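Below is one structure; the comments refer to it alone.
No value in this document is a laboratory result; all are computed from the given coordinates. Please read these numbers as outputs of a predicted model, since none were measured by experiment. Glycine also receives a Cβ, built like all others from the backbone with ideal geometry; neighbour counts cover every protein chain displayed.
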Amino acid sequence: MRASLVGTTVTLAAGALLTAAVTTATAGGPAGRPAHPAHAGTTRTVLVDCLWHRTVRPDDFILACGDGNSRLTGLHWSRWTPDGAVAVGVNMVNDCKPYCAAGSFRAYPVTVRLDDAKPWKKQPGVQHYTRMSLTYQQDRPEGFQQVMTYPLWD
């Protein structure tokens, strides 16, 4: 039993690392569609992820960088301006029951809002969004409010 538990834990951890690597590699856009990297000199406001990569209109975004237990997927952006950005997508959240390595990911449709653009400390000439709000359209993870607001990396 213990060997099986260790094997399962190792497999889940490897899967999480692979998912994070693939997500980072494809965050700009799927194959066949141009990526939306934010290049130096651009005036577009960017979204900075936990690996300090900046993107514009990403398809996916990891919220829980430490363990990958919460991420946004299938993002469709309807607005991206210096004043804010809006998308709809899905928040995939691990229920961590009975514990995170054995938990199940649940899908929650959300509306994503980015705002409060400021100069990025790493590159002061680049404006980046500093706040993200998720509005759950129906169900939401246990303990979450209908609208959850998070500070973003600087």
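List of remarks:
- Amide H partners (placed H, <5 Å) of VAL46, local residues excluded: GLN127, HIS128, TYR129
- For segment 62-68, Karplus couplings with θ = phi - 60° (6.51, -1.76, 1.60), whole Hz, Gly/Pro x: 7, 8, 9, 5, x, 10, x
- Efficiency of FRET from Cβ geometry, ALA102 and TYR150, R₀ 30 Å, rounded to 0.05: 0.70
- Put a dot 7 Å past the Cα of ARG44, heading toward its Cβ, do the same for ARG131, and the two dots end up 2.4 nm apart.
- Within straight-line cross-link reach of LYS122, aspartates and glutamates at Cα separation under 17 Å, skipping those fewer than 8 residues along the same chain: ASP49, ASP154
- Computed 3J(HN,Hα) for segment 130-144, one whole-Hz value per residue from the Karplus formula 6.51 cos²θ - 1.76 cosθ + 1.60 where θ = phi - 60°, is 10, 9, 10, 10, 10, 10, 7, 7, 9, 5, 8, x, 4, x, 8, glycine and proline marked x.
- Taking a Cβ cut-off of under 9 Å around ALA87, the surrounding Lys, Arg, Asp and Glu residues balance to a net charge of +3, with basic ones at +1 and acidic ones at -1.
- With a cut-off of 13 Å between beta carbons, the residues surrounding ILE62 carry a summed charge of -3, where Lys and Arg count +1 and Asp and Glu -1.
- Phi angles of segment 47-60 translate, via the Karplus equation with coefficients 6.51, -1.76, 1.60 and θ = phi - 60°, into HN-Hα couplings of 10, 9, 8, 6, 9, 6, 8, 10, 9, 10, 6, x, 7, 9 Hz per residue; Gly and Pro are given as x.
- Chain lengthening between ASP83 and ASP139 when straightened (0.36 nm per residue, less Cα-Cα): 17.3 nm
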